[in-house]
Amino acid sequence: MQEIRPNIRIALYQPDIPGNTGTILRLAACLGLGVDIIEPAGFDISDRNLKRAGMDYIAAAALTRHVSWDRFEEWRATTGRRLVLASTKAALPYTKITYRGDDILLFGRESAGVPDHVHEKAEERIIIPMVAGQRSINVAMSAAMITGEALRQTAWS
């Protein structure tokens, strides 16, 4: 099997649901991606539901916890990475941008997305097009879809 070492990261803004976070950590571990959790989370990071969803993959996940949005932004400023926000308020389909190999793919809270000041910091805002009348796709599913496209364009091409 081919060794994949992409530099893309997944960031979760104040996640609410441990099962979704665990699923994303499992995805990231399997794909060799780093994950940034921007706290406070809506659950204890050591929650058993997080461990159940992530199974034994969590130990292999490259997880970085940031105590606040401001601390995350300070860290990001030192890396020069572009922030790509998945948002139901965006207009650009996630398949219509050119991803960079060092992008940070940011996903908001399941209950509320991200606040305006976070939205404004994103260099790109993308959406998964859906049929009319639907609110949103589960955040773990969204992360898998968008991450897959980003990797297709960068690490897997």
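The numbers here are math on the coordinates, done by the rules we state, and not lab data. Since this is a predicted model, take the numbers as computed values, not measurements. Because the Cβ atoms are built from the backbone with ideal geometry, glycine has one as well, and the counts that use them run over all protein chains shown.
Could you tell me whether any residue of segment 123-135 is loosely packed, with under 14 Cβ neighbours inside 10 Å and within 22 Å of Thr21 (Cβ to Cβ)? Within segment 123-135 (the criterion being loosely packed, with under 14 Cβ neighbours inside 10 Å and within 22 Å of Thr21 (Cβ to Cβ)), the answer is yes, since at least one residue qualifies. Within segment 97-117, the set of residues being surrounded by 16 or more Cβ atoms within 10 Å (Cβ to Cβ) and either of a type in the set (Gly, Ala, Ser) or over 13 Å from Leu151 (Cβ atoms) (or both) comprises Ile97, Ile104, Leu106, Phe107, Gly108, Arg109, Glu110, Gly113, Val114. Filtered by the rule that a residue be of a type in the set (D, E, K, R) and surrounded by 13 or more Cβ atoms within 10 Å (Cβ to Cβ), segment 60-96 gives Arg65, Arg71, Glu73, Arg76, Arg81, Arg82. Just the residues that are more than 11 Å from Ile127 (Cβ to Cβ), assigned to a loop (DSSP other than H, G, I, E, B) and small (Gly, Ala, Ser), please, taken from segment 76-97. Within segment 76-97, Gly80 is the sole residue that qualifies. Filtering segment 88-111 to residues that are of a type outside the set (Lys, Arg), more than 20 Å from Gln153 (Cα to Cα) and either in contact (Cβ under 8 Å) with a residue 40 or more places away in the chain or in contact with a helix residue (DSSP H, G or I) (Cβ under 7 Å, 6 or more places away or on another chain) (or both) leaves Thr88, Gly108, Glu110, Ser111.
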